[in-house]
Amino acid sequence: MLIHAKRLENFTMRATDGELGLLEDFYVDRHTLKLRYFVGNTRTWFFGGKVLLSPNAFTDVDVEDLSIAINATKKQIKDSPKPEDQAPIHRDYEKKLNDHYGWPTYWNVPAVPVSTTYGTNQTTGAPLIPPFIPRGQSNLDDTVEGNKTGADERQLDEQNQVQLFSLNELIGSKVHAKGGEVGKIIDFIIHKSDDWHIRYIVIDTGGFLKREPVVVTMDSLKEVTWFDNSVILDVSSEKIESAPEHAIDDPLTSDYEKLIYQHYEQTPYWERT
């Protein structure tokens, strides 16, 4: 199932014992581009209503009813650790959240980038996210190797830094391709199969002659530059400007997906081993 992120934000969350609120945003793994958390707005039900829910918690997506079912009670969700407003999601917080619900952790599994060009110079399959090491862990063997230097401590602290980004934060970002700026991001397209991935970026190319938006595969994403709110794509501006148009309210069909991959001369994700 392919669905626009903006449309998914209109879905109602349903706990095992009733309606809970609406989806508000999505947190994506910065290395693999997998969807790691749904951000729910439950303020109509209880105070401090911003909650994070793992895709592991979702049992059903009803496109007709615009609802998504959660395998948790309202009380479980109400009592869950809450993210701080305007603060990044740190690994310490993720661990508390996973412990609360009993969800499996993902960061001890080797991360496989969606593209070997995105966000890293390491080869596909390399463990991009180091294992979580609790702060204050003692050196039981008291070995030289176990004694942490200041540099070691800084490295451990970096491991605990945010590994996620918000899709909503990227909406409106400038898009740069080979040849110059081509437009801005207006949406993303999420793929729900065995897992949740961000498959496509929807771009408004603007221009004097108004066109429908165009779609670019996430394989084309080379870099996110937060300091100037832009993304860099590893395709030519001509390819993007000549891409098949995509009406924002239209669903993405398999035929259109094939056309997109043919246009960008990329191997479709469904043909990869």
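With each pseudo-label sitting 7 Å past Cα toward Cβ, what's the Glu245-Ile171 distance in nm, one decimal?
So the label points at Glu245 and Ile171 sit 2.3 nm apart.
Between Glu223 and Ser193, what is the label-point separation in nm under the 7 Å Cα-to-beta-carbon projection?
3.0
Under a crude label model (7 Å from the Cα following the beta-carbon direction), how far is Arg43 from Leu259 in nanometres?
4.0
Around Val61, what is the net charge, scoring Lys/Arg as +1 and Asp/Glu as -1 over all other residues with Cβ under 12 Å from its Cβ?
Around Val61, the surrounding residues sum to -1.
In the stretch 225-273, carbon and sulfur make up what percent of the accessible area (probe 1.4 Å)? Walk me through the numbers before you get to the answer.
Working: 1510 of 3020 Å².
Here it works out to 50 percent.
With the Cα gyration tensor of the stretch 165-273 giving a ≥ b ≥ c as the square roots of its eigenvalues, does the rule (a/c under 1.5 for rounded; else a/b larger than b/c for prolate; else oblate) give rounded, prolate or oblate? Intermediate values should be presented prior to the final figure.
Working: a/c = 1.42, a/b = 1.20, b/c = 1.19.
Rounded.
Which of the lysines could a cross-linker span from Lys82 if the Cα-Cα distance has to be under 30 Å and same-chain partners fewer than 8 positions apart are dropped?
The qualifying lysines are Lys6, Lys34, Lys50, Lys74, Lys95, Lys96, Lys192.
Straight distance only, please: which aspartates and glutamates reach the Cα of Lys178 with their own Cα at less than 12 Å, same-chain residues fewer than 8 apart left out?
Straight-line reach from Lys178, under 12 Å: Asp234, Glu238, Glu241.
So for the stretch 194-248, what are the equivalent ellipsoid semi-axes in whole Å, largest first, each being the square root of 5 times an eigenvalue of the Cα gyration tensor? List each step's numbers first, then the result.
Details: eigenvalues 79, 51, 24 Å².
Result for the stretch 194-248: semi-axes of 20, 16, 11 Å.
In square angstrom, rounded to the nearest 10, how much accessible surface does Glu223 have for a 1.4 Å probe?
Result for Glu223: roughly 80 Å² accessible.
The values are calculated or read from the model by the stated rules, or taken from the named source; none is laboratory data. Worth saying up front: this structure is predicted, and the values here are computed from it rather than measured. Positions of Cβ are generated from backbone atoms using ideal geometry, with glycine treated the same way; all protein chains shown enter the neighbour counts. Areas reflect the complete protein model, heavy atoms only, side chains present, ligands, DNA and RNA absent. Shrake-Rupley method; radii C 1.70, N 1.55, O 1.52, S 1.80 Å.
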